[in-house]
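All of the numbers you see were taken from the coordinates with simple rules; none came from a lab. The structure presented is a predicted model; accordingly, all values stated were derived computationally and were not measured. Cβ coordinates were reconstructed from backbone atoms using ideal geometry, including for glycine residues, and neighbour counts include every protein chain displayed.
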Amino acid sequence: MKFLVLVVILASILLFLRFKKKKQDKFTNNKVNNDSVIDLEKDPRTKEYKPKD
C-alpha cells in the first residue's frame with residue numbers, strides 16, 4: 001500500500017514538472033527576433049505602407 005502511494009505521488013510530481021516545462025517552452029519560443037522586424041511608415045499620398053529609410 002505504501003508503495004502504491006509513493007508511485008502515485010512520484011507520477012503526479014513528474015506530470016506537474018512536464019506541464020510546467022511545456023508552458024515555459026511556449027513562452028520562450030514566443031519571443032520576437034528584432035532583426036527580422038521591419039519598421040513601416042504610411043505614405044500620405046498613396047496611403048501605402050513602405051519600409052522606413
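Data table
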| quantity | calculated |
| --- | --- |
| Extension gain, Asp39 back to Lys52 (0.36 nm per residue minus Cα-Cα distance, nm) | 4.1 nm |
| Gain in span if fully extended, Gln24 to Val7, counting 0.36 nm per residue against the direct Cα distance | 3.5 nm |
| Highest to lowest packing among 11-19, 39-47, scored as the average C-beta count within 10 Å | 11-19, 39-47 |
